[in-house]
């Protein structure tokens, strides 16, 4: 009977006790990488390197660029926090020419939001201004000292619309994922009243006139700001809420959604919030469930990039922090359970 009692008590443990836990490790960045106006908006691991993608806001006279850091150097810094990370800058060539093509089509470029790398091919997603009807996918070639974009490849991806046809404020395709045969784009806002979708493209070959298939996606509150592959058919996404009002209020959940609303509000009003989601491809769709909640001290950072590494994750913010001065912060979430 004692064994039965023990098994029953284990079965009644709260769900959070069965979720993975992580220790937050801060990784000091060299001055050039720590500069807040890099506005990093994506991370990716390939070729034994961590790629850090700048939003590359050309309209603000920013440089189009990636940075790379060797994984071996990141391992060394995790063991020795006094170690200064070496890095390489990779200019992104031809982005201005592609931006001009977007403008000619009546679309307003705002920045790069996600990247994935398939051997020497790099795919980027472009966010456009809220009134623009399309976002874009770009394709380039990874070379030793630069990424060279293909100026003949400019693939429009229509933004999903709210009921009544309104555009969702400040929303684009913030996450990309590669599967065996497909490139999948995830929209930032996935709280539409009907079915929500990810957008899947065939990669063999991906052409500038390719049309996506809609793949069912669970309804997700707040924002999906990036996503990383963690295994066969499994991904981890950043699920972030910014407390702002005005147009940002579209990301608030109604009081009737008590599970979500209690995460972002209280007696003092709304507050920023962030967690990780486990995203799984099952059959013909993607399911999403909570994985881990950021500690309170990290809710106010606008986390925009994630890359899975050694059962943990590298995480980076774009620019915005809970208080000024703004700064770039790179974390490693080290699994402890």
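Nothing in this text is a laboratory measurement; each read-out follows from the coordinates by a stated rule. A quick note: this is a predicted structure, and the numbers were derived from the prediction, not measured. Cβ: placed from backbone, ideal geometry, glycine included. Neighbour counts: every protein chain shown.
Most tightly packed first, judged by the mean number of other beta-carbon atoms within 10 Å of their residues, the peptides 309-315, 243-249, 86-92 read 309-315, 86-92, 243-249.
Rounded to two decimals, the Cα radius of gyration of segment 38-311 over 2.2 N^0.38 Å is 0.99. Reported to the nearest whole Å, the Cα centre-to-centre distance from segment 62-133 to segment 29-53 is 8.
Can you tell me what share of the DSSP beta bridges in segment 38-311 is antiparallel? A percent to the nearest 5 is fine. Here the share of antiparallel DSSP bridges comes out near 95 percent. When Rg and the Kirkwood radius Rh are both evaluated on Cα atoms of segment 198-337, their ratio Rg/Rh stands at 0.99. Figure legend: label point modelled 7 angstrom from the Cα of residue 141 along Cα→Cβ; residues of segment 101-124 with amide N under 18 Å from it are 117-124. The ellipsoid that matches the Cα gyration tensor of segment 22-85 has semi-axes, each √(5λ) in whole angstrom, of 23, 13, 10, with the longest given first.
Based on Cα contacts under 8 Å between residues 6+ apart, the chain shows a relative contact order of 17 percent.
With Cα atoms as the point set, the radius of gyration and Dmax of segment 160-245 evaluate to 13.6, 43 Å. Per the Cα gyration tensor, segment 58-151 maps to an equivalent ellipsoid with semi-axes of 30, 14, 12 Å, ordered largest to smallest.
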